[in-house]
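One structure is given here, and the rest of the page talks about it.
The values are calculated or read from the model by the stated rules, or taken from the named source; none is laboratory data. Small disclaimer: the values here were computed from a predicted structure and weren't measured. FYI the Cβ positions are ideal-geometry reconstructions off the backbone, even for glycines, and counts take in every protein chain you see. For accessibility, only protein heavy atoms count, side chains too; no ligands or nucleic acids. Shrake-Rupley method; radii C 1.70, N 1.55, O 1.52, S 1.80 Å.
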Amino acid sequence: MARAVPVHAIFFFSGVAGLGYELVWTRMFATGLGHEFPAMLAVVAAFFAGLAIGAWALDGVVSRSRAPGLWYAGLELVIGGWALASVVVIPALNSLAADLIGLDPSPARHWLVAFTVPLVGLLPATTAMGATLPAMERLVARLKGSGGVVGGLYAVNTAGAVAGVLATTFIVMPLAGFRVTVVALAVINVLCAAATVLGPAAGERERAPVAHELDDTPPAWRLTATLLVTGLLGIGYEITCVRVMAQVLENTVFSFTSALAVYLAGTAAGAALYQRFAGKTRFAPLLALLVQWLALACLVGIVVLGSSRGLYASCRDFFGGGLRGSVAAEMMLALLVFGPPTLLMGATFSHLVQAARGARGGVGRALAVNTIGASLAPPLFGIVLIPLLGMKVTAVIAALGYLALVPAGAIAVRRLVPTALCLPAGMAAISLDLVLVTAPPGARIIALRQGVMAVVAVTEDSQGGRLLKVNDRFFMGGTVRSFADRRQAHIPLMLHPEPKNALFLGVGSGITVGAATDHVEAVRAVELLPEVVELLGYFAPGNRLERFDVERDFVVADARRFVRAADERFDVIVADLFQPARDGSGALYTREHFEAIAARLADGGLFCQWLPVHQLDLDTLRLIVRTFLDVFPGSRAFLAHFNVQTPMLGLVTRTTPEIFPPDWYDRRLRERPGTRQALVEVALADELSLFGCLVADAEALAAFAGPGPLNTDDHPRVLFEAPAFGYLGDRMDGEHLRLLLEAWQPRADSLVGTQPARAEFAGRLDRFIAARDLFLHSSIADVRGDRDGAIEVLLESVRASGDFRTAYISGLQLASQLRASEPAVSRELLIALRDARPEAPQAPQLLREWFGE
């Protein structure tokens, strides 16, 4: 009996390692299999399937052994040993999987490869993991002299899983990366094996086996079916609820971890309560009560989901926001949704597995059947039911499915109260709208798709302006923002001398991709969400959709996987804005991804990576720039537009460094004269306006990046560092842009050369850039409420360059706005504009019209 306590501690740490492996292996495989939701679910299903194989295959031999402790120690060593091997095996399997999947696979082929490769690659470890519960159950049963230990063991192992989820995601992976995390987890396995051999396994051959204790064991077919269905429904409910919550949560790497930790903690608590209070209760009556209350609890959880937006906002306000407050709020929402259901799930699983225990085994086979059901849930619920029926109906099906497991005649009518309560709870759940996407003020939703990965909507305001919204968190462009969207295509394409084809990573509303057709005939675009491509028609004709063959030119795929699998080379590759804090986006800024893009560039090819400055802290921006320069030294940075609230920075590189000759602009447009008008429409009418977007030359960019770590596939620091800023919300005051402008003072000759023929133009460009920076500082002051300071700097911008017309036009617009409310200020501003630009006719004309001067 004295050794039962340390053996539970051993099994706790085994749980730490087990869930840690699941998380880190899933992310390691994602770099090769892709971040498409079906592929990631396939990895999870493969992990479950491996557990089931091991639990089933080794149950009998382990259970009949006189030395289950030695078996357990050996299993831990196998897990740790293969985990160490996986550090080398998984990258090799990723390369194999990329070849097997190909460029544009069918969904069936993609799923099959994404399931089979991890299943085979992890099988030695997952098989051993599956057999640890039956081995530990026999060891502890003989130590305690009791066969009723399943609930307690499952509780401590799952509690260890909670610790593993939190420690791995919040501490170990961010600090050390994936490979070191795997090594650390393998050390835990070795220590568990050593502790078992030196402790509870000592002298175990002398202990007598413990007989099965239940008198009312159900028929084998009934028990098997119940185990299978509970595994299916439990994970199905989790997947569906997480999809609903994803609409309102921040969707960082920590969001899913928070929900998973709560789900596991509830399951562990339920198993512990079963062990403490219900271990010897008759099987059928208790099962009937558990599954009835479980159905009711799930329905109540669905009702809670309907209020998740308000609940999350209230919790976040209560906990204070930021990284810690937001994660606490995510956990609290998950607790409200998952708390009661998972308590009952943990108790139900323990009850079923305890009933399956026999003299010759049973625990492992029960675990195997339950895990098979769990492995079926990701494809059935995540890929089939949610897109087909919607999240609400799918969640209700998962909840009511438990009622089918009530044993016929097992309980009296008076104990059917939970089933009766399911009727009003089900009606309340089915009346809710679990699509939580909202339109901006004054707008409405005109189209919506519930997809495998996200809810995607198109909103329209009273002026007809449309935006694309993903979940209730992200806008991905639209006609309202078409000016900036089009410039994101025109700027990089105009910096290439003769582009023939282009690749865009990220589609959004398609307006950026469509603008590329003004420059090249062949355009391909890759988008992760199929629903985004389905909704492109709502943004026509602004996205030039009529110029595309949608099925040929738009590919639904993970951008990383597509770049690695493609054999075509492109003159220009443009990577769209990716929300840095969003889970998975960090992989799009790794050195390995940039290297793959470099391999897809044609000779003289150009690559542009757009970055949302307002969604990045400067340390993370510096990390991304440093990683980019490690692959593309000598790169430059350009601003997409001169908006200080949503500044977009483009890192631009060419395989052959370019100094732009005097006739660059005209020569670029010689073959496509129609492109000139498209450029005029987005204020890129001449060389000055194009090159005036330069914000950092190669020297300034390198100095900003400095020495330091890189963002790599093995250690994706952006994945873990960006959320700290992302949880604070976008920084719209222009502070980061101000700091960058002060640090970066690009020289025009770095772009146009130092030849005498370019000296006059270089001087104009330097003045243009100086005026632009003053204009941006003026806008920043205005955003902060310093109008007088903003006007003063604005006038400095007007005086700095006659070529930079934006400041002058902005001054006229401000004077117009002030004319009615503050006519004296309006008049003074017009006088100052007239004096700053005496050759410009607009200010004198308005002075005459408005003030008689």
Only one of Phe704, Phe725 is among the aromatic types (Phe, Trp, Tyr), modelled with pLDDT of 95 or more and either open to solvent by 50 Å² or more (accessible area, probe 1.4 Å) or assigned to a helix (DSSP H, G or I) (or both), namely Phe704
Inset, instruction - Inspect all residues belonging to segment 648-660 and state whether any of them is open to solvent by 40 Å² or more (accessible area, probe 1.4 Å) and without any contact (Cβ under 8 Å) to a residue 24 or more places away in the chain. - result: yes
Expected output for segment 252-263 (first residue closer than 23 Å to Gln615 by Cβ and in a helix (DSSP H, G or I), partner charged (D, E, K, R) and open to solvent by 20 Å² or more (accessible area, probe 1.4 Å), Cβ below 6 Å, 6+ apart or cross-chain) is Val253/Asp583
Scanning segment 689-701 residue by residue, those open to solvent by less than 10 Å² (accessible area, probe 1.4 Å) and part of a helix (DSSP H, G or I) turn out to be Leu690, Phe691, Leu701
Being within 30 Å of Arg670 (Cβ to Cβ) and surrounded by fewer than 24 Cβ atoms within 10 Å (Cβ to Cβ) narrows Asp553, Asp567 down to just Asp553
With criteria (1) assigned to a loop (DSSP other than H, G, I, E, B); (2) under 23 Å from Leu606 (Cα atoms); (3) open to solvent by 10 Å² or more (accessible area, probe 1.4 Å); (4) not charged (D, E, K, R), Asn543 comes up short on (3)
Residue set Ala271, Ala246; condition of a type in the set (Gly, Ala, Ser), open to solvent by less than 40 Å² (accessible area, probe 1.4 Å), touching a Ser or Thr at 6+ places or on another chain (Cβ under 7 Å) and at pLDDT 90 or above; output residue Ala271
Only one of Gly514, Gly442 is over 23 Å from the mean Cα position of the chain (by Cα), free of Cβ contacts under 8 Å to residues at least 60 places away in the same chain and crowded, with 22+ Cβ neighbours inside 10 Å, namely Gly514
When every residue in segment 661-715 that is within 31 Å of the chain's Cα centre (by Cα) and β-branched (Val, Ile, Thr) is compared, the one nearest to Thr627 (Cα to Cα) is Thr712
Regarding segment 66-81, can at least one residue be identified that is aromatic (Phe, Trp, Tyr), touching a residue at least 24 places away in the same chain (Cβ under 8 Å) and within 19 Å of Val197 (Cβ to Cβ)? yes
Flagged pairs (Cβ under 7 angstrom, 6 or more apart or on separate chains; first in segment 587-599, at pLDDT 95 or above; second open to solvent by 10 Å² or more (accessible area, probe 1.4 Å) and β-branched (Val, Ile, Thr)) are Thr590/Thr712; Arg591/Val631; Arg591/Thr712; Glu592/Thr712; Phe594/Val631; Glu595/Val631; Ala598/Val631
*Regarding Leu400, is this residue under 30 Å from Gly729 (Cβ atoms) and at pLDDT 95 or above?*
no
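This table checks each residue for (1) over 14 Å from Pro124 (Cβ atoms); (2) assigned to a helix (DSSP H, G or I); (3) within 25 Å of the chain's Cα centre (by Cα); (4) modelled with pLDDT under 95.
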{"position": "Ala42", "(1), (2), (3), (4)": "yes, yes, yes, yes"}
{"position": "Gly50", "(1), (2), (3), (4)": "no, yes, no, yes"}
{"position": "Val61", "(1), (2), (3), (4)": "yes, yes, no, yes"}
{"position": "Gly69", "(1), (2), (3), (4)": "yes, yes, no, yes"}
{"position": "Tyr72", "(1), (2), (3), (4)": "yes, yes, no, no"}
{"position": "Val78", "(1), (2), (3), (4)": "no, yes, no, no"}
{"position": "Gly81", "(1), (2), (3), (4)": "no, yes, no, no"}
{"position": "Ala85", "(1), (2), (3), (4)": "no, yes, no, no"}
{"position": "Leu96", "(1), (2), (3), (4)": "yes, yes, yes, yes"}
If we keep only residues of segment 108-162 that are in a loop (DSSP other than H, G, I, E, B) and within 18 Å of Tyr274 (Cα to Cα), then the residue modelled with the highest pLDDT is Val149
